[in-house]
1. For the stretch 177-191, indicate whether the set of residues that are part of a strand (DSSP E or B) and without any contact (Cβ under 8 Å) to a residue 24 or more places away in the chain is non-empty.
2. Quick check, is residue 10 buried (at least 20 other Cβ atoms within 10 Å of the Cβ), out of contact with any helix residue (DSSP H, G or I) (no Cβ under 6 Å at 6 or more places or on another chain) and over 26 Å from residue 198 (Cβ atoms)?
3. Can you pull out every residue in the stretch 83-111 that is within 27 Å of residue 143 (Cα to Cα) and touching a strand residue (DSSP E or B) at 6+ places or on another chain (Cβ under 7 Å)?
4. Please enumerate the residues belonging to the stretch 25-48 that are surrounded by fewer than 13 Cβ atoms within 10 Å (Cβ to Cβ) and modelled with pLDDT of 95 or more.
5. Residue 165 passes all but one of (1) surrounded by 14 or more Cβ atoms within 10 Å (Cβ to Cβ); (2) within 28 Å of residue 6 (Cβ to Cβ); which number fails?
6. Could you grab me the full set of residues in the stretch 35-78 that are without any contact (Cβ under 8 Å) to a residue 60 or more places away in the chain, out of contact with any strand residue (DSSP E or B) (no Cβ under 7 Å at 6 or more places or on another chain) and under 15 Å from residue 147 (Cα atoms)?
7. Looking only at the stretch 192-205, filter to residues that are out of contact with any strand residue (DSSP E or B) (no Cβ under 8 Å at 6 or more places or on another chain) and without any contact (Cβ under 8 Å) to a residue 24 or more places away in the chain; which one of those is nearest to residue 6 (Cα to Cα)?
8. Out of all the residues in the stretch 135-153, is one or more under 21 Å from residue 37 (Cα atoms) and assigned to a helix (DSSP H, G or I)?
């Protein structure tokens, strides 16, 4: 299962540097953002008032994607495991709501949201814990709601500690790669069925291919 204590310590340690180096969506490719835009459009299409279509940014980090989604008209709140990252999100996005919480036990009610976004939030979850995380995301999603999952595409594990050690942070942190087929299959088992997917090749500054799956709860 996920060593949440280790993940929390790592992100608490790097929170300020992370927020400084990734303040917005500059790291995302145009294709990536097109999938986020499609997700927001799908959520808003179901309602006449954005306030009636709340979106949860689960694993929100320092809030950069929360801000992006909110700027496109959705009512957004964020949850993250790391208190340090939540502090950065509250500092940089004071108009949005953020809370500390774990992806495998979200501090949210059943069917509370019209949309849930897991934007590179599952990458520190090993395969043995992924079904629980996706089931939680589906649990807090209302019937007919949409779920967006972004992640590095492939199989295996990467050690991301060296990247942070170059910034002066001696941390241990691994990320797990998944295929779009794997994630889509697990989502279907949890009750959310694939609507669309993107799998794109790595950019020059990326080590792995990237994938995004858009799904809808039955």
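The values are calculated or read from the model by the stated rules, or taken from the named source; none is laboratory data. Bear in mind that the values here come from a model prediction, so they are computed numbers and not experimental data. Every residue, glycine as well, gets a Cβ built from its backbone with ideal geometry; the counts of neighbours run over all protein chains shown.
1. no
2. Details: buried (at least 20 other Cβ atoms within 10 Å of the Cβ): yes; out of contact with any helix residue (DSSP H, G or I) (no Cβ under 6 Å at 6 or more places or on another chain): yes; over 26 Å from residue 198 (Cβ atoms): yes.
So residue 10 fits the description; yes.
3. First, pick out the residues of the stretch 83-111 that are within 27 Å of residue 143 (Cα to Cα): 96-111.
Result: 96, 97, 98, 99, 100, 101, 103, 106, 107, 108, 111.
4. 30, 31
5. Single failed check for residue 165: (1).
6. 37, 41, 44, 45, listed by residue number.
7. At the first step, the residues of the stretch 192-205 found to be out of contact with any strand residue (DSSP E or B) (no Cβ under 8 Å at 6 or more places or on another chain) are 203-205.
Now narrow it down to the ones that are without any contact (Cβ under 8 Å) to a residue 24 or more places away in the chain: 204-205.
Details: 204: 30, 205: 26 Å.
Here the residue is 205.
8. yes
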